[in-house]
Amino acid sequence: MLKKTRLFTPGPTPLLPAAQAALARAEIHHRTEEFRALYRQVLEDLRYFYGTKNDVILFTSSGTGAMEAAVSNLLSEGEAVLVATAGKFGERWVEIARAFRLKVDTVEAPYGQAVPAEAVREKLGGGSYAALFVQATESSTGVRHDVQAMAAVAREAGALFIVDAITGLGTMELDVDGWGLDVVVGGSQKALMIPPGLAFASLSPAAWERAELARLPHYYFDFAREKKSAEKGEGAFTPSTALVLALAEALRYIRSVGRESLIANAQLLAEATRQAVRAMGLELFAPAAPCDALTAVRPPEGMDSGVIIRALRERFGAVVANGQGSMKGRMFRVAHLGNYDFPDLAGLLAALELVLTELGHPCELGAGVRAAERVYVEQGPKSKVQSPKSLAAR
Ligand SMILES: *Cc1c(COP(=O)(O)O)cnc(C)c1O
């Protein structure tokens, strides 16, 4: 049988063809008027993608670079910070903050659950923390956090609110300005449909004020220096010109379909996936607060998820992600963010049914696909496809 490799991983995600083509046209110098115009456009379009009036800073690095920048540019040695953590990426906030010798406290939820905003309020109250960190969507477990409620809690406590929305952007409603999200971190290889290598951070006026007072050391990841360069249409150093070209195409595409449609697309695919895997007799890893960026699914009782992942890849070329760290073998993760459509998902669900059946997990063929189709019929786009007859009558 023929098979095509298809990425269903929550980063990197499938590339937008127009962005991929732009990568091949990347012979451009970064200190030219042509590139400056492009860079300005990209920064403006990033604000559209974020839905914010705040500045968005761009770094050439993976997403973690902008996470580190948020710590090193906004805090001073010895300050206390609080991290609401529910998975591997929450633990990354803790590790970065510790690396910069901050005093780090956590409010934790077990893997698969969200940290309740109320628990954050209890710990944050008293005003002794300089900042609160969280993931909008915790990609290691498929959990979503109540960012809006946490923003209110942070504001009450006078703490800067710093959100890793690397998989939240483009998959959930985030009212950056309305809710008061001081820093929102993004990355290129998720809903933006381009390869890894660019990281972003939006900064509120309060975040800029804090940046002026903050004293932690940093060099490459410098918000203020990047902002100054961006005003001239440039990066402070040599940005990945190829990726900036690709990003321009991806953002042009997102503007053309609308950021709301990109979000609605992920939401529909996520809901269809949740219904489908339940119809196959599988359980979600995060049933109480699932995000729409990806779905984490538990394997059948007694089966290592690696067996399913390998079979999907070897038989159908479909690449889904395993669990990270101690969650390895306990889940597989299917992405919905960025360049996925319904046929992509329907094909994967059919492949999953075939693989499960072969592995001896009783699963009625078609049950998952049918459940997903039902979600599409009930919640999908409402405009009617024109029939050949009505087209002929025109
Ligand atoms: C992908 C991801 C990151 C960034 O990882 P990098 O490998 O540095 O790009 C951070 N947080 C979350 C929630 C992610 O999904």
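Label-to-label distance for residue 119 and residue 359 is 2.9 nm, based on points extended 7 Å past Cα in the beta-carbon direction. Under 5 Å from the amide H of residue 294 lie the amide H atoms of 336, each residue being 5 or more positions distant or on a separate chain, with H modelled from the backbone and absent for Pro and chain starts.
Peptides 242-248, 362-368, 186-192: what's the order by average Cβ count within 10 Å, highest mean first? Walk me through the intermediate numbers first.
Working: 242-248: 24.0, 362-368: 15.9, 186-192: 28.3.
The most tightly packed comes first, giving 186-192, 242-248, 362-368.
Rounded to whole numbers, the Karplus 3J(HN,Hα) couplings from phi for region 367-372 are 5, x, 4, 4, 4, 5 Hz, using 6.51 cos²θ - 1.76 cosθ + 1.60 with θ = phi - 60°, and x at Gly and Pro. Available extension along the chain between residue 301 and residue 98 is 69.3 nm, counting 0.36 nm per residue and deducting the alpha carbon span. What is the angle, in °, between the Cα long axis of helix 88-99 and the longest principal axis of the Cα atoms in the chain? Nearest 10 is fine, range 0 to 90. Here the helix axis deviates by roughly 20 degrees. Pull out a ≥ b ≥ c, the square roots of the eigenvalues of the alpha-carbon gyration tensor of region 1-140, then state rounded if a/c is under 1.5, prolate if not and a/b is larger than b/c, and oblate in the remaining case. Here region 1-140 falls in the oblate category. Close amide-amide hydrogen proximity is noted between residue 284 and 298, each under 5 Å apart and 5 or more residues distant or on a separate chain (H modeled in the peptide plane; Pro and chain starts excluded).
Restricting attention to the chain, close to 50% of DSSP beta bridges with both partner residues there are antiparallel.
For the pair residue 379 and residue 367, label points projected 7 Å from Cα toward Cβ lie 2.1 nm apart. Fully extending the segment from residue 34 to residue 283, taken as 0.36 nm per residue of separation minus the present Cα-Cα distance, adds 84.5 nm.
How do the peptides 198-205, 219-226, 31-38 rank, highest first, by the average count of neighbouring beta carbon atoms within 10 Å per residue?
Values: 198-205: 24.2, 219-226: 17.9, 31-38: 13.0.
Descending packing order for the listed peptides: 198-205, 219-226, 31-38.
Sorted largest first, the principal axis extents computed over the alpha-carbon atoms of region 198-265 equal 42, 27, 19 Å.
Against the chain, whose longest principal axis comes from its Cα atoms, helix 147-157 is set at around 20 degrees.
Using only the Cα atoms of region 59-162, build the gyration tensor, take square roots of its eigenvalues as a ≥ b ≥ c, and label the shape rounded, prolate or oblate: rounded if a/c is under 1.5, else prolate if a/b is larger than b/c, else oblate.
Working: a/c = 1.62, a/b = 1.05, b/c = 1.54.
Cα axes put region 59-162 in the oblate bin.
Under 5 Å from the amide H of residue 83 lie the amide H atoms of 105, 106, 107, 133, each residue being 5 or more positions distant or on a separate chain, with H modelled from the backbone and absent for Pro and chain starts.
Maximal additional length on extending the residue 23-residue 218 stretch stands at 67.2 nm, based on 0.36 nm per residue less the C-alpha distance.
What percent does the relative contact order of the chain come to when contacts are Cα pairs within less than 8 Å and at least six residues apart? If you can, show how the numbers build up before the last one.
Details: 819 pairs, mean separation 90.6, N = 394.
The value is 23 percent.
When peptides 211-218, 277-284, 316-323 are sorted by average Cβ neighbour count within 10 Å, with the highest value leading, the order is 316-323, 277-284, 211-218.
The long axis of helix 63-72 is offset from the longest Cα principal axis of the chain by roughly 30 degrees.
The alpha carbons of the chain give a radius of gyration and a Dmax of 21.6, 74 Å, in that order.
Just so you know, all these numbers are worked out from the coordinates, no wet-lab data involved. Small disclaimer: the values here were computed from a predicted structure and weren't measured. Every residue, glycine as well, gets a Cβ built from its backbone with ideal geometry; the counts of neighbours run over all protein chains shown.
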